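The values are calculated or read from the model by the stated rules, or taken from the named source; none is laboratory data. What you see is a predicted model; the values in this text were computed from it and never measured. Using ideal geometry, Cβ is built from the backbone for each residue, glycine included, and neighbour counts are taken over all protein chains shown.
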Amino acid sequence: MRNSIFTLLLLFLFISVDAQEYSKLIGEANQLYNTKDYKRSADLFGKAFKIESRNASHLYNGACAAALAGNTTAAFEWLDLSIENGWTNLRHLKSDTDLDHLHSNKKWRKTVEKLENKLAEAEANYDKPLQAELLTILEEDQKYRKQMHEAQKKFAQDSKEMQDLWKITLQKDSINLLKVKKILDERGWVGKQKVGAEANSAIFLVIQHSDVETQKKYLPMMKEAVAKGNANAGSLALLIDRIEIKGGRKQIYGSQIGINPNTNAEYVLPLIDPDNVDARRKEVGLGPMSDYVRNWNLVWEVEKYKKELPEIEKLHR
């Protein structure tokens, strides 16, 4: 029995080490992608996938890096694996300019057909009109936010360009919110089995981008939807964090990022119990903070954050 326990401990240790190495490689690969170093990015994605190859989003991102690096073989291999592991966003696949290099290859049509066939099988019982409505809402929700993301790289946060985009975005948000509230009030929080994962995500995004009173109103409905498998636990965590921050309280999962008005530097908004944030994030299917904050070119150092927290709280007041 002692030997068995020792073996299990070793196995757990190896699994933990592998998971940490995988997470590290994926984070570094994403960083290299963001700096347009596609070859090194694809190389690191490849090393990560030798440890594990079940995360559809990671596999898709790896395929994009490989395609941009000119590694067609790896790009198609990882695209196929991403579809097998649950990638469903056909419209994004077809329009993603990262994959333009693959379109002239005879394998491209087979890859698209593979996803189309998989979706056709899954969508046999979908509410097609509702799905179409939600997909249109999703497109409107994301369209100008993507433009703002690009504009932010070129112009100041308070520039006329950014202000104009914000004005349009808020107008679209108001229209989308009326449509989504009608759906929620009449049908409840529909699940991906009724409209698909992509369309279903539109409901969360519109509520996430609404005013705090609306967020609080539909929070219990989203909690119930998560319990039934109709909504994502990680998305619920993001909504909870927004409500907490807007209410002047500390966030729970570390998802909300602020901008210091004095320095223009981004930072993690006030967070409860920073030591255990990764454990809380893991419970809802979110990755570690160290990976998450890389999206803003930040480095997560918990001891440093705890020392800075009193000043961060002052900024937030």
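List of remarks:
- Unique match (being farther than 30 Å from Arg187 by Cα, touching a Phe, Trp or Tyr at 6+ places or on another chain (Cβ under 7 Å) and of a type in the set (S, T, N, Q)) among Asn230, Asn260, Asn276: Asn260
- Looking only at the stretch 105-141, and only at residues there that are among the polar types (S, T, N, Q) and more than 27 Å from Phe76 (Cβ to Cβ), the one that is surrounded by the fewest Cβ atoms within 10 Å (Cβ to Cβ): Asn125
- Contacts under 9 angstrom Cβ, first residue in the stretch 138-149 being without any contact (Cβ under 8 Å) to a residue 12 or more places away in the chain, partner aliphatic (A, V, I, L, M) and surrounded by 15 or more Cβ atoms within 10 Å (Cβ to Cβ), 6 or more apart: Glu139/Ala202
- Subset of the stretch 281-293 [assigned to a helix (DSSP H, G or I) and surrounded by 16 or more Cβ atoms within 10 Å (Cβ to Cβ)]: Arg281, Met289, Ser290, Asp291, Tyr292, Val293
- Lone qualifier among Ser235, Ser255 - being assigned to a loop (DSSP other than H, G, I, E, B), small (Gly, Ala, Ser) and either without any contact (Cβ under 8 Å) to a residue 40 or more places away in the chain or touching a strand residue (DSSP E or B) at 6+ places or on another chain (Cβ under 6 Å) (or both): Ser255
- Residue, modelled with the lowest pLDDT, within the stretch 78-91, restricted to residues that are surrounded by 13 or more Cβ atoms within 10 Å (Cβ to Cβ) and assigned to a helix (DSSP H, G or I): Leu90
- For the stretch 294-313, the criterion of being in a helix (DSSP H, G or I), at pLDDT below 95, under 22 Å from the mean Cα position of the chain (by Cα) and not aromatic (Phe, Trp, Tyr) is met by at least one residue.
- Of the candidates Val226, Val195, the single residue that is within 30 Å of Ala122 (Cα to Cα), assigned by TED's automatic domain parsing to the domain that holds Gln171, crowded, with 19+ Cβ neighbours inside 10 Å and modelled with pLDDT under 95 is Val195.
- Single residue of Ala69, Ala75 found to be within 23 Å of the chain's Cα centre (by Cα) and over 30 Å from Lys172 (Cα atoms): Ala75
- Residue count, the stretch 144-156 (criterion: loosely packed, with under 13 Cβ neighbours inside 10 Å and either modelled with pLDDT of 80 or more or out of contact with any Asp or Glu (no Cβ under 9 Å at 6 or more places or on another chain) (or both)): 5
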